[in-house]
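J.: Got a structure for you, questions after.
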């Protein structure tokens, strides 16, 4: 009887389902057209005010954001920044609200591109991975890009509305009252990856 019971327990353990594997990320939002003939920077150059950029986007499913892909390039032609940061924010009146839902800091050297100096066509997309698994519900959001202690170059999409579910914004706190974010009239080049629930 003892042997029979042990066999049943062993059989039950062998037949138990394996733990579920993590769901692979899927593209949730994207605008991948890049204007290689122009670009701008994120961060601070000399005594200029800090420049930030943002892009609003729409999620159609619930789940955490796993990573973003951006043509963001940090090299040593500017003062080499220490950190590039990306934050997912809610929107207020269609603009980034300042309410951060999830944020990730990335060491700037991870965004270095070779050869150095690289031309814009050498850059490609860089991955900024989120280590938090904060679940976002379907709706409209924005990712905000900041760089500390220096600047990084970034490419953007062609002029015009190339992503129908959102738009790009630039940060201009010294020029207007009210929200510091202003619509840019174009979109960033980006991909948002999400792990659906």
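All of the numbers you see were taken from the coordinates with simple rules; none came from a lab. Computed from a predicted structure; not experimentally measured. Every residue, glycine among them, receives a Cβ derived from its backbone with ideal geometry; neighbour counts consider all protein chains shown.
J.: Could you compute the FRET efficiency for residue 172 and residue 30, with r as their C-beta to C-beta distance and R0 at 30 Å, rounded to 0.05?
T.: On the way: r = 26 Å, r/R0 = 0.88.
Rounded to the nearest 0.05, the efficiency is 0.70.
J.: Over the range 142-194, consider all pairs of different Cα atoms and compute the Kirkwood hydrodynamic radius from their mean reciprocal separation; express it in Å, one decimal.
T.: Values: mean 1/r = 0.0785 Å⁻¹.
Result for the range 142-194, one decimal place: 12.7 Å.
J.: Work out, step by step, the length gained on full extension between residue 100 and residue 148: first 0.36 nm times the residue separation, then minus their alpha carbon distance; give nm to one decimal. Mind dumping the intermediate values first?
T.: On the way: separation 48, 0.36 × 48 = 17.28 nm, distance 1.74 nm.
Here the segment from residue 100 to residue 148 would lengthen by 15.5 nm.
J.: Describe numerically, in nm with one decimal, the distance between label points set 7 Å from Cα along Cα→Cβ at residue 110 and at residue 164.
T.: For residue 110 paired with residue 164, the spin-label model returns 3.4 nm.
J.: What is the gain in length, in nm to one decimal, between residue 125 and residue 62 on full extension, counting 0.36 nm per residue of separation less the C-alpha to C-alpha distance?
T.: So the chain would gain 20.2 nm between residue 125 and residue 62.
J.: Give the order of 171, 156 when sorted by the count of other beta carbons within 10 angstrom, beginning with the fewest.
T.: On the way: 171 21, 156 24.
Ascending number of Cβ neighbours within 10 Å: 171, 156.
J.: Tell me, 181, 123, 134 in order of fewest to most beta-carbon neighbours within 10 Å? Display every interim value, and only then the final one.
T.: Values: 181 27, 123 21, 134 11.
Exposure proxy ranking, most exposed first: 134, 123, 181.
J.: Exposure proxy check: 125, 69 ranked by fewest other beta carbons within 10 Å? Spell out each step's value before the answer.
T.: Numbers: 125 16, 69 19.
Sorted ascending by nearby Cβ count, the order is 125, 69.
J.: 7 Å from Cα along Cα→Cβ at both residue 50 and residue 82: what's the point-to-point distance in nm?
T.: Reported label-point gap for residue 50 and residue 82 is 1.2 nm.
J.: Just grab the label-to-label distance for residue 183 and residue 92, each label 7 Å out from Cα along the Cβ direction, in nm (one decimal).
T.: 2.0 nm
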